[in-house]
Every structure is written in C-alpha cells, then in structure tokens.
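Encoded as structure tokens, the structure appears first; notes follow it.
Computed from the coordinates by the stated procedures, all read-outs in this text should not be read as laboratory data. Computed from a prediction, not measured in an experiment: that's the story for all the values here. All Cβ positions, glycine included, derive from the backbone under ideal geometry; neighbour counts span all protein chains shown.
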Amino acid sequence: MIAEDLINHMIPPLKGTDDAHKAIVWMEEFRCNYLPVVDEGNLLGFISEEIILETNDIDREVKNFTLQGQKSFVTMGTHFYDILRVASDNKVQMVAVMDDDNKYAGVITVQDTLASFAQTAAVQMPGSVLVLSMSHVDYSLATISRLIEENNSKVLSSLVKEDPSENTRLRLILKINQTDLSRIVATLERFGYRVIGRYQEVKQEPADKERLDMLFRYLDI
C-alpha cells in the first residue's frame, strides 16, 4: 500500500484564513483531533483542539496559531511503513500527501493506515510472531528466512528496529505461517540467534491472542 491509496477524501483542509471556531466545528464533524492547514496548495501545518484551547481565542485565524507537523508530509508513492514513521517523527496523527508539483493532494490518518495494515495478508493469515535480538553485523534476513524455510515455514512479514535496551543491537520481528515455533526456535538458536519473544496464535488459547495484542502495543502499531 502506498500513500495515494490511503488518502482520506472525507477530511477537508482548512484555509489559513479560517478561524479557530470553524476548526473546532470541523474536528467534531469529522471526528478527528487534527486538521491540515493549507494555503494555495502549500501545507502550513496541522492544528489541533489542544492548540486552540491553549490560546482560548476562537476568532483567531488558524494560520496565526503555532501549528504542528510542518514536515509531516509524504509523496504519492510513499509506502505505508514510511507514512507511520513520518507521523511518529512529527508527533501528529495525520500525514499530508503532496503531488508531483509538491502541492497538497490530501491527508492520511494514522488510524486509516493501521486499519489498512490490519487487512494485509501478513496480518490476516494464521501464524505466529517471533522476536529475535542480534548485532547489526549478524542481521541477514535471507539467512534467517532460509533457516525458517528449512522447517517447512515461510516468513509472511518482517520488521526491524533498534533494540531499546541495547543500542548496538537490532530486534527483528517476524510473522511466520506456523503456530508451533518450537522447531524453528531450536534451529535459530543452534545457529546463534537469540530468541527473546514468541507469540503463538492458537485459537483455543485466548491468552495467546492477548500476548499478540501486547506485542502490537509494544511495537506501537
């Protein structure tokens, strides 16, 4: 999925000359906490209800507020992983999409992006989640995938992030199309990979779903 496919056409941009009262009304109408502010196709930033309430001036034009997320934008072809990264880096719940002329084309919400992610095959297909910790030099997705495939399994998706407890190491989160990870874990450990988490998806065990939910909350996705 790319940005062009995720634009929410129901959320309109505010003009810089619109007042804060209009912004509040639109936020309530469209059930969102942020709105983009656009002037002649140029993104000025995002305004939130919190920003408005801090000033207590509903007659002020929105362009005169201290807006957030001036750099929270992507191009039409940006992958949804990068959309989430941009939103996180700018600490907003929306990302503007710019066209080939660098003009505002629409907005994407983090909620819509996560909903679309939840519909992907990697999420919908049954399986389990495996978390590995390794040094940067030991990271090779091709090698790890080969070891997993030797156990008649496939990697459905992968996510790499820095290990928050050891900044010299990486954490690799894998979705695998198997509910029993015991043989895979044994193989990986035999080749020196450190397994720090496994979340097995078994329908008969509600606790496993709870552990998967805890993992996604940990990943902030």
Exercise for the section: Can you tell me the 0 to 90 degree angle between the C-alpha axis of helix 20-30 and the longest principal axis of the chain, rounded to 10? Expected result: 40
Problem - Between helix 206-219 and the chain: long-axis angle, C-alpha atoms, 0 to 90°, nearest 10 - result: 60
Completion exercise
Here segment 32-46 yields Karplus 3J(HN,Hα) values (6.51, -1.76, 1.60; θ = phi - 60°; whole Hz; Gly and Pro given as x) of 9, 9, 10, 9, x, 10, 10, 10, 6, x, 9, 6, 8, x, 10
Practice task
Just add up the charged neighbours of Ser116: K/R +1, D/E -1, any other residue whose Cβ is under 15 Å from the Cβ of Ser116.
Solution key: -4
Completion exercise
Here, Arg190 and Arg31, labelled 7 Å along Cα→Cβ, have an inter-label distance in nm of 5.2
Exercise for the section: For helix 80-90, report the angle its Cα long axis makes with the longest principal axis of the Cα atoms of the chain; keep it between 0 and 90° and round to the nearest 10°. Expected result: 60
Completion exercise
Of all GluC sites (Glu not before Pro) in segment 139-192, the ones in DSSP coil with at most 12 other Cβ atoms within 10 Å are Glu150, Glu166
Fill in the blank from the handout: Once Lys and Arg are counted +1 and Asp and Glu -1 for all other residues with Cβ under 13 Å from that of Ala186, the total becomes 0
Exercise for the section: Report, in debye and to the nearest 20, how large the dipole of the chain comes out about its Cα centre when Lys and Arg carry +1 and Asp and Glu carry -1 on their Cβ. Expected result: 1080
